[in-house]
Structure formats: structure tokens, C-alpha cells
Amino acid sequence: MLIPPSVPAYRLLGGSGATLLAIAGCGAGALPVQDALWWRALRHLDRPALLLGYAGLTLLAVAWWWAGRDLRESGRTGAARLDVRGAAITLACWAGPLLLAPPLFSRDAYSYLAQGAMVLADLDVYQLGVAHLGGGLAAEVPQMWQQTPAPYGPLFLALAAGVSALSGGHLALGVLALRLVAVVGLALIVVNLPPLARHWGVDPAVALWLGVLNPLVPLHLVAGAHNEAVMLGLLVVGLRLAVTGRFGAAAVLVTLAALVKVPAVLGLLVVAAIAVRRVGVRAAAARIVGFAVVTGAAVTWATGIGYGWIGALATPAYRHSWSISTALGRGARRVIEDLGLDLGNLPMRTGIVAGLLGLLAVAGAVWWYRHRLGPAYAVGLLLLAVALLGPATRPWYALWGLVLLAAAAPEGRPRQAAALGAAVLAFVALPSGFGPDAEQALLAAAGVLVGLAVVGVFRLLAPPPPLAVAVPG
């Protein structure tokens, strides 16, 4: 199969951007606080590193947009289409340089390692924060999360414990191991997403572009080593089993995904909807509920971590959690305080309630239109609403719904909106994982301009199709 000349070009552009971002991470990333002398020296370069990082991020985002334009053109001309092998190679070009970079965009990787060490030390991660562990690993977790119980399921904490044992407390080895675990999850998505897309009448190439190659994947699932990679990998495999009629196995895999991170449990609704059509309500309910309960009990028993994960489901609502609703509440409280009034926690509670009401409204709309939407598209929208309107919001949470939308959303505005949202969210978080101040925001904007200038030069050398066009779908 001949590869269009634009493919190596956008792979090179995105790979160059990822390389710049990896280099920038050595000065502006989520660096260890207890580190060697050379890390401390690099910290003094945080400002130019931030500019360089956003320039690299811009190159990566433009490369993805270019790949989408190339995909659209190949559909019109009948040229070679994006397949599993091509998507894997492209993702390797865009994510490979980030494997050896310091943690980027959050410090969650350190939390994973510390919580894994707590499991090894027989400390109750669902009752205690990492402060009870102490030592170097705990010191890497931000102060605001020192007393926070783990919000993850026992399957992931068992994986984190294995990584902590393997790395022996060495930060670099631990982060690399977490990233390799994430790569396994990504491989499951790459292989299993196209069959799902074909089943739901979506172009598999377009599904790979939106669900696998979007910038949030290399930035947060690889560079950030987030456990969403494992959760989504298991979820996609489970849904593939469901569409082939293996409902018991599907329930097991989706439950395993939920035992990594609980939002995946909504995938059981997709399995149930498919099963009901084929075997009836009673048989579907008995099979899915039975396999889910047995899987949850077996994994909880096998890991020895206990059932504290059920009570820990409230952890995302912790008072330090950031979300759109809590941000509105904090903003309202500042305005009220500037007016000389003191309403206590009422503004914050009002913001949270508003977010929950919005989430309920989306859930109601999804239920009302469920037959028109189809189960996977409906649950994808619901997961996206949970990510954006729930008690905690992070850019990578959008992938909960984005992967399902990539496989099941119809062509047109829904996919275009999802693509635009992914592109915007890619620029939201700083490489350090903390919020920007005014100077950092200006440096980030300058980095974007530098990146666009580099793209302009690159276009003179290898001109891509125009970027100001509709995205695939």
C-alpha cells in the first residue's frame, strides 16, 4: 500500500512537536521536588521551557488537524486510508518522545506510585492519604492531596502496587513503568476501536483519528501516564465482545474497567442495551448483573484491598477538587466578598448544585432520545457530561466520552464539536500540572505563536492542504 507523501510530513511535524514538549518538560514539567542538582538547575529555565513546550504542543495539534484533513481528502479520492497499523505508527511518532520525559500536565503519576506503595505497606488507601506513607514518594504529591483517600478501584491499585514494587521507589523507573502500562491500554483501544466503529456504521479511519490520535491521548495518557488508558482499553474490549454476542465476557471486561476507574461502569448500560435486543430483558439482566457482581467480588478478594473502594466513590467531591461547577462557585464567592457580603459556603454549594442539575438535564435528554442516539453514542454523551459537569473536571476526563463518540457518533456537527473540544482542551493545562498566572499565560500564548510560525515555515517546505476546513465527520 502506497503511503501518501503527506503522511510522513504530518508524522514528522507531530513528532517534532512532541520532542520539543519532552525537552521543555525538563524545565517546566511536573518535576520531582526532592531531586538531583541538575533538576534544580533546569528549574531556572522554566520560562523559556514553557514557551518551548507550547510551541511543541501547537505543532502536535496542527499535525493532528492536518492528518484529519488528509483523511478527508483520501475519502474523496480513494487513496490509502488510515488503518490500525498506520494509526499505531503515527501515535508512536507523536507519543514516543514523551515516554522518557518527566511527568507532564499533572502530578498524578506520583500519586499512583505512592498509593501503590501504601498497598504494599498494608495501609488502607481508602481511608488514609499518602501523608501516612511518608517518605520521598509521598513528598511528590501536592500538599492539598496529602490527606485524600484514593479514588481508584482495587484493580488499578493492585497494578500501581506492582509498579511500585518493581520500581523500588525509584521515580523515573516508576513513571516509565506506568507509561508502559498505559501503552498496553492504548494498544487495546487501537485494535478494538475500528470493529466497533464498523458495527455502528462509522468509518473506522475517522474513529481512529478522533479517538486515538487526538492530542489528549499522547499528552495525558502517555506523558501524564493516566489510568484512563487502562480503563478505556478494557472498556473498548468489553464493548467489542458485546457486539459479537458474548455478553458475559463483555460484562466482565467492562466491570474490570470500572474497577480501574468507576465511570466505566456506565459501559454496562451499552452491554445491557445490546443484550436486551438479542436475548430479552430477563436473560440480559441476569447475565450482566451476575457476571458484574461476581467479577467485582472476585477482584476485590484477590487484591486483598477490601471494599473500601465503594465508600471512596465520594472522593472526587473532595473540597479541593476542581471542576467547572466549583470554579463558578469560587468566582461567585469572590464577587460577593468584594461587595462586602459573607454568605459562607453558599456560593460554592450553589455552583455544585448547578453542575449536578446540568448533569441530570443531560441524562434526561439522553434517556429521552436514547432510541435515536443508540446506546454507545448516548452513553458517550453521558460520560462527557459527567467529565465536564461532575464534581471533578480534568482535560483528560473528556476521553471518557470521546472514545465512545469516535466509535458511534454520526457524521457532521457532533464529531466536529468533539474534535474542536479536544483541540481546545489540549492547551488548557500547564506542563507543570498547576494553574497559570498572568506571566505564564502570556508565555503560553507566545509559544503558540512561535509554533504557528514554525508551521508556516514547514508548509513552505512540505505544504499541507489548507487547515481552515471541516474536520472528518
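The values are calculated or read from the model by the stated rules, or taken from the named source; none is laboratory data. Quantities reported herein were computed from a predicted structural model and do not represent experimental measurements. Methodologically, a virtual Cβ is constructed for each residue, glycine included, from the backbone with ideal geometry; neighbour enumeration extends over all protein chains shown.
Rundown of residues vs (1) farther than 21 Å from LEU178 by Cα; (2) at pLDDT 90 or above; (3) part of a loop (DSSP other than H, G, I, E, B), yes/no style:
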{"residue": "GLY116", "(1), (2), (3)": "no, yes, no"}
{"residue": "ALA131", "(1), (2), (3)": "yes, yes, no"}
{"residue": "GLY136", "(1), (2), (3)": "no, no, no"}
{"residue": "GLN147", "(1), (2), (3)": "yes, no, yes"}
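On the given criteria, is LEU221 within 25 Å of TRP301 (Cα to Cα) and part of a helix (DSSP H, G or I)?
No; evaluated as a whole, the condition is false for this residue.
Given (1) of a type in the set (A, V, I, L, M); (2) at pLDDT below 95; (3) in contact with a Lys or Arg (Cβ under 7 Å, 6 or more places away or on another chain); (4) within 22 Å of TYR152 (Cα to Cα), where does ALA205 come up short, assuming only one miss?
Failing condition for ALA205: (4).
Check off (1) part of a helix (DSSP H, G or I); (2) in contact (Cβ under 8 Å) with a residue 40 or more places away in the chain for ALA250 and give me the number that stays unchecked.
Tallying (1) part of a helix (DSSP H, G or I); (2) in contact (Cβ under 8 Å) with a residue 40 or more places away in the chain, ALA250 fails exactly one: (2).
So how many residues does the range 400-414 have that are crowded, with 24+ Cβ neighbours inside 10 Å and assigned to a helix (DSSP H, G or I)?
Here the count works out to 9.
Tell me which of these ASP342 doesn't satisfy, since it passes every other one: (1) at pLDDT below 75; (2) of a type outside the set (Gly, Ala, Ser); (3) surrounded by 14 or more Cβ atoms within 10 Å (Cβ to Cβ).
(3)
For GLY351, indicate whether it is over 24 Å from PHE105 (Cα atoms), among the small types (Gly, Ala, Ser), in contact with a helix residue (DSSP H, G or I) (Cβ under 6 Å, 6 or more places away or on another chain) and assigned to a helix (DSSP H, G or I).
So GLY351 fits the description; yes.
Any idea which residue in the range 1-60 is surrounded by the most Cβ atoms within 10 Å (Cβ to Cβ), counting only those that are at pLDDT below 95 and β-branched (Val, Ile, Thr)?
Restricting to residues being at pLDDT below 95 and β-branched (Val, Ile, Thr), the top hit is VAL7.
To keep it simple, each residue is scored yes or no on (1) aliphatic (A, V, I, L, M); (2) farther than 26 Å from GLY435 by Cβ; (3) surrounded by 19 or more Cβ atoms within 10 Å (Cβ to Cβ).
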residue	(1), (2), (3)
LEU113	yes, no, yes
LEU123	yes, yes, no
GLY136	no, no, no
MET144	yes, no, no
LEU180	yes, yes, no
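Checking ALA429 against (1) assigned to a loop (DSSP other than H, G, I, E, B); (2) farther than 15 Å from VAL202 by Cβ; (3) out of contact with any helix residue (DSSP H, G or I) (no Cβ under 6 Å at 6 or more places or on another chain), only one condition comes out false. Which one?
(3)
So if I check each of GLY329, GLY304, GLY267, which one is modelled with pLDDT of 75 or more, surrounded by 12 or more Cβ atoms within 10 Å (Cβ to Cβ) and not β-branched (Val, Ile, Thr)?
GLY267
Do we find a residue being closer than 21 Å to ALA197 by Cα, surrounded by 15 or more Cβ atoms within 10 Å (Cβ to Cβ) and free of Cβ contacts under 8 Å to residues at least 12 places away in the same chain anywhere in the range 230-237? Break it down stepwise before answering.
First pass over the range 230-237, keeping only residues closer than 21 Å to ALA197 by Cα: 230-237.
Filter once more, keeping what is surrounded by 15 or more Cβ atoms within 10 Å (Cβ to Cβ): 230-237.
Retained after the next criterion (residues that are free of Cβ contacts under 8 Å to residues at least 12 places away in the same chain): none.
No, every residue in the range 230-237 fails to be closer than 21 Å to ALA197 by Cα, surrounded by 15 or more Cβ atoms within 10 Å (Cβ to Cβ) and free of Cβ contacts under 8 Å to residues at least 12 places away in the same chain.
Go through the range 224-247 and give me each residue that's within 13 Å of GLY185 (Cα to Cα), hydrophobic (A, V, I, L, M, F, W, C) and either in contact with a strand residue (DSSP E or B) (Cβ under 7 Å, 6 or more places away or on another chain) or assigned to a helix (DSSP H, G or I) (or both).
ALA229, VAL230, MET231, LEU232, LEU234, LEU235, VAL236, VAL237
Among the residues that make up the range 379-396, is at least one of them touching a residue at least 40 places away in the same chain (Cβ under 8 Å), polar (S, T, N, Q) and assigned to a helix (DSSP H, G or I)?
no
Test each condition in (1) assigned to a loop (DSSP other than H, G, I, E, B); (2) at pLDDT 90 or above for VAL163 and report the one that comes out false.
It fails just one condition, (1).
Any residue in the range 291-313 that is at positive phi and in contact (Cβ under 8 Å) with a residue 60 or more places away in the chain sitting within a Cβ distance under 8 Å of a residue that is β-branched (Val, Ile, Thr) and surrounded by 13 or more Cβ atoms within 10 Å (Cβ to Cβ)? List the pairs, counting only those 6 or more apart or interchain.
Pairs found: GLY306/THR300.
Those residues that are surrounded by 24 or more Cβ atoms within 10 Å (Cβ to Cβ) and either assigned to a helix (DSSP H, G or I) or among the basic types (Lys, Arg) (or both), I need them from the range 195-205; list them, please.
Scanning the range 195-205 gives a single hit, LEU196.
Check VAL252, VAL265, VAL260, VAL276 and return the single one that is touching a Leu at 6+ places or on another chain (Cβ under 6 Å), among the hydrophobic types (A, V, I, L, M, F, W, C) and more than 21 Å from ALA418 (Cβ to Cβ).
Result: VAL260 is the single residue among VAL252, VAL265, VAL260, VAL276 that is touching a Leu at 6+ places or on another chain (Cβ under 6 Å), among the hydrophobic types (A, V, I, L, M, F, W, C) and more than 21 Å from ALA418 (Cβ to Cβ).
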